[in-house]
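S.K.: Here it is, the structure, as structure tokens.
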Amino acid sequence: MQEHGRRVAARYVTLLGQPNTLDRDRLGIIASRRLGGAVARNRAKRRLREVFRRGLSADARRPGDRTLDVVAIARRELLEAPLAALEADFQNALRRLRGVR
């Protein structure tokens with residue numbers, strides 16, 4: 001993915017994306033030990049999955065947008081960020097990843 005995809009850095013997360021042939025986006029999460037112990041890493045993954053789900057339910061993808069395989073790399077700041085700020089940051093990064101400004 002890192003060789004052929006695109007990378008977008010945001011405040012709370014870095015997104016890697018590559019087009020897929022499915023009819024939906026897919027999410028993978030990397031939460032390294034830099035975030036902290038298992039509790040902190042699992043909390044970061046839960047928050048990212050929730051933000052991704054909310055984006056799907058709000059139908060953030062426009063007709064004609066390509067579907068992506070997205071890998072989210074969590075940053076330490078994600079753990080303390082308000083969920084609304086995290087959601088806005090994630091959706092903005094996802095739009096940039098798709099090439100939509």
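The values are calculated or read from the model by the stated rules, or taken from the named source; none is laboratory data. Every value quoted in this text rests on a predicted model; they were computed, and no experiment measured them. Cβ placement follows ideal geometry from the backbone for every residue including glycine, while neighbour counts extend to all protein chains displayed. Calculation scope for accessible area: heavy atoms of the full protein, side chains included, ligands and nucleic acids excluded. Shrake-Rupley method; radii C 1.70, N 1.55, O 1.52, S 1.80 Å.
S.K.: Return the only residue of Leu86, Leu56, Leu97 being modelled with pLDDT of 95 or more and in a helix (DSSP H, G or I).
M.R.: Residue meeting the stated conditions: Leu86.
S.K.: Let me ask you something else. Would you check if there is a residue in the stretch 21-28 being open to solvent by 80 Å² or more (accessible area, probe 1.4 Å), in a loop (DSSP other than H, G, I, E, B) and modelled with pLDDT of 95 or more?
M.R.: no
S.K.: Within the stretch 1-20, work out how many residues are crowded, with 17+ Cβ neighbours inside 10 Å, part of a loop (DSSP other than H, G, I, E, B) and not small (Gly, Ala, Ser).
M.R.: Matching residues across the stretch 1-20 total 1.
S.K.: Can you tell me which of (1) loosely packed, with under 13 Cβ neighbours inside 10 Å; (2) modelled with pLDDT under 95; (3) among the small types (Gly, Ala, Ser) is the one Gly37 doesn't meet?
M.R.: (2)
S.K.: Mind checking which residues of the stretch 90-101 are surrounded by 19 or more Cβ atoms within 10 Å (Cβ to Cβ) and within 11 Å of the chain's Cα centre (by Cα)?
M.R.: Phe90, Ala93, Leu94, Leu97
S.K.: Restricting to the stretch 67-83, and then to whatever is in a loop (DSSP other than H, G, I, E, B) and touching a residue at least 40 places away in the same chain (Cβ under 8 Å), can you tell me which residue is surrounded by the most Cβ atoms within 10 Å (Cβ to Cβ)? Steps first, please.
M.R.: First pass over the stretch 67-83, keeping only residues in a loop (DSSP other than H, G, I, E, B): 67, 75, 80-82.
Filter once more, keeping what is touching a residue at least 40 places away in the same chain (Cβ under 8 Å): 67, 75, 81.
Working: Thr67: 15, Arg75: 19, Ala81: 17.
Among residues in the stretch 67-83 that are in a loop (DSSP other than H, G, I, E, B) and touching a residue at least 40 places away in the same chain (Cβ under 8 Å), the one surrounded by the most Cβ atoms within 10 Å (Cβ to Cβ) is Arg75.
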